[in-house]
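Report on one structure; see the data block that follows.
The values are calculated or read from the model by the stated rules, or taken from the named source; none is laboratory data. Keep in mind that this is a model prediction, so the values were computed, not measured. We place every Cβ from the backbone using ideal geometry, glycine too, and count neighbours over all the protein chains shown. Protein only, heavy atoms only, side chains kept; ligands, DNA and RNA dropped before computing areas. Shrake-Rupley method; radii C 1.70, N 1.55, O 1.52, S 1.80 Å.
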Amino acid sequence: MNALTTDLFRQLAEIHEGRCLSIYMPTHRAGQEVLRRQDHLVLKNVQKEVAKVLKSRGYDRVSIADFLLPIKIMIEDLDFWKYRSEGLAILLAPGQKYVFDLPKPVGPFHVLAHEYYLRPLIPMLENQPHYHFLSLQLHQVKLYEGKGSTLSEVSIPHLPQQMEEVVGVDFEESSLSFHRQKMGGNPYTVYHGKGEWQEDHKSEILAFCRSIDDAILSFLEQDGLPLFMATTPELFSIYKEANHYRNLYPEPINRDGLPSSLAPVRQEIERALSVDFKRKMAKKAGLIRQFQSTDRVSTSWNELVQGAVSGRVESLFLEADRETWGVFEKSKGEVRIHAESNLGNTSLMNLAAIQVFLQGGEVFEAPLNEMPLPGYQANALFRY
C-alpha cells in the first residue's frame, strides 16, 4: 500500500506510457461483502475487461498476461481483501504499480490511457486533515500535529508544562483550591473551584498563556496550519488574549478540558475542517457568479484548459461523475472535444484538474445543477 503525497502525485502526473491503467472501486471493511469476496470479484471482472481491450489494440496473450500479472496476484491474495477501507485505487503501468486506500467509495470504473487518471485522488490531498492541536490545562500542556488519521505529540523547547513553572509555587498555595494526583506515575496539581477564574487570578493565568504562545508561535508559523484547542471555555477566553497566531480556531474543540481520548477530538476537528472546506467552496462559487461576465471566469474548455496548464486558474469546478474527452494541442493552444474515449485522446477534466492542483489552485466537484454556473460541466475562476 502506498502513502499518497503531493510529491508522489506530481511524479504520477508526469508518467506517460503506452499503457497506464487506473482502477477505482469501492471496498468493504467487513460484512457479507467480504465473506462473499465481492471486492475480489469486482477486480477480477476489471481484469477481464482490460484484457479484452488490450487484445483489441493488438497486444498478444503473453504481453497481456505479463501486464496484468500484478492484478492477478492481488486478486489471489485473500489477506489483502480482509483489511480494506472504503475505496481502492490501483495504478498500473509496465514495471510499476501503486495502490491507495481511499477514505470514501469511488467507482467502480477503470481508465486505460497514455497517462494515469488521477482526478479522484485530488480530494484526498486537498481535504486531508492537517492541523495542530493544543491540549491546555493549568497542570498540563501538550501540542500535537494531526495529519490524515494520525495525531502525534510535538516536542517544543521551553514549552511550559504547568502553571507553577511560570508564576511560581506560591500561586497554587495562595490562589486556588487544589489537590495532588498521579498520572502515569507522575504527580500533578488539579485546580478546581471558582477561584480559578476570579479576576484577581487572571493576570497569573494570562502570563501562563503568554509563555505558551511565545514558545509555540514560531513553530506554528512555519506552515500556518489551523490550531485547535482542547480546554475549558474560561481558559480559552484568556488564552485568546495572549494568542498572536492568526489561524487559531475561534472556539475550543473539547469544552471539558483535557480529553480522555484523542480519537473523538480528532473526529471533531475533522468535522470542523470539513465545514470550513464547504465554506471555502461556497465562497469560490460566489466569486464565479460575481465575475461571470468578466474575463476572470470561463466555461469554455479551450480557455480553461489553457488557463489550467499556464497556471492562471485559481479555482476549478467540475461536474461530478462526468467526463469530457478530447485533445489539447499546446503548441496551437487548441482544444478539440471528442464524443468518447479513444487511443488518441485524454480526459480533459483529468488534465485540467491535475494542472490546477499542481499549480496551487483548488479543484471542486458538484452535480451539474449545483455548479456555480448551472448547466456547464466546468467553471473556472482565473487569478488574473
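Please tell me which of these pairs span more than 32 angstrom C-alpha to C-alpha: Lys44/Lys147; Lys97/Lys332; Lys240/Lys283; Lys52/Lys97? Beyond 32 Å between Cα atoms: Lys44/Lys147; Lys97/Lys332.
Lys/Arg Cβ at +1, Asp/Glu Cβ at -1, dipole of the chain taken about the Cα centre: which of Leu121, Val166, Phe219 is farthest positive-ward? Value: Leu121. Ordering Ala378, Ser293, Ala51 by the projection of their Cα atoms onto the charge dipole of the chain, which places +1 on the Cβ of Lys and Arg and -1 on the Cβ of Asp and Glu, puts Ala51 at the extreme positive end.
Placing Leu136, Leu358, Leu368 in order of accessible area, with the largest value first and a 1.4 Å probe, yields Leu368, Leu358, Leu136.
What is the distance in Å between the Cα centres of the range 103-126 and the range 2-78? Computed from Cα coordinates, the inter-centre distance equals 12 Å. Relative to the first principal axis of the alpha-carbon coordinates of the chain, what is the inclination of helix 38-56, with its axis defined by its Cα atoms, in degrees from 0 to 90 and to the nearest 10? Here the helix axis deviates by roughly 40 degrees. A Cβ-based charge dipole, computed about the Cα centre of the range 265-383 with Lys and Arg at +1 and Asp and Glu at -1, lands at about 420 debye.
Computed with a 1.4 Å probe over protein heavy atoms only, the accessible area of Thr6 comes to about 60 Å². In terms of packing, defined here as the mean over residues of other Cβ atoms within 10 angstrom, the peptides 271-279, 69-77 line up highest first as 69-77, 271-279. Considering the values (i) 27.6; (ii) 24.5; (iii) 20.6, which represents Kirkwood radius over Cα pairs in Å as calculated for the structure under consideration? Checked against the structure: label (ii). Solvent-accessible surface of the chain, taken per residue with a 1.4 Å probe and all protein chains present: 51 Å². The angle between the Cα long axis of helix 262-290 and the longest principal axis of the Cα atoms of the chain comes to about 60 degrees, rounded to the nearest 10. The accessible surface of the chain, taken with every protein chain in place and a 1.4 Å probe, is 49 percent carbon and sulfur. Once the C-beta distance of Val154 and Ala282 is scaled by a Förster radius of 41 Å, the resulting FRET efficiency is 0.80 to the nearest 0.05. In a shell of Cβ-Cβ distance under 14 Å around Ala89, excluding Ala89 itself, what net charge do Lys and Arg (+1) and Asp and Glu (-1) give? In short, +1. Please report the spacing between the Cα centers of the range 314-362 and the range 268-302 in Å, no decimals. If we compute the Cα centre of each part, the gap is 19 Å.
Note on the chain: helix-only mean residue ellipticity at 222 nm, from DSSP H runs of 4+ residues weighted -39500 (n - 2.57) and normalised by residue number, equals -11500 deg cm²/dmol. Shape descriptor for the range 53-178: Rg over Rh equals 1.31 (Cα atoms; Rh from the Kirkwood inverse mean 1/r).
For the chain, the longest principal axis of the C-alpha atoms and the axis of helix 301-310 are separated by about 60°. Relative to the Cα centre, the charge distribution of the range 1-111, modelled as +1 at Lys and Arg Cβ and -1 at Asp and Glu Cβ, gives a dipole magnitude of about 360 debye. With the dipole of the chain worked out from charges on the C-beta (+1 for Lys and Arg, -1 for Asp and Glu) around the Cα centre, which of Asn369, Gln11, Val62 lies farthest toward the positive end? After comparing all options, I get Val62. Charge dipole (Cα centre; +1 on Lys/Arg Cβ, -1 on Asp/Glu Cβ; no other charges) of the chain amounts to roughly 1700 debye. Working note: Cα atoms of the range 29-113, range along each principal axis, descending, whole Å: 41, 22, 20.
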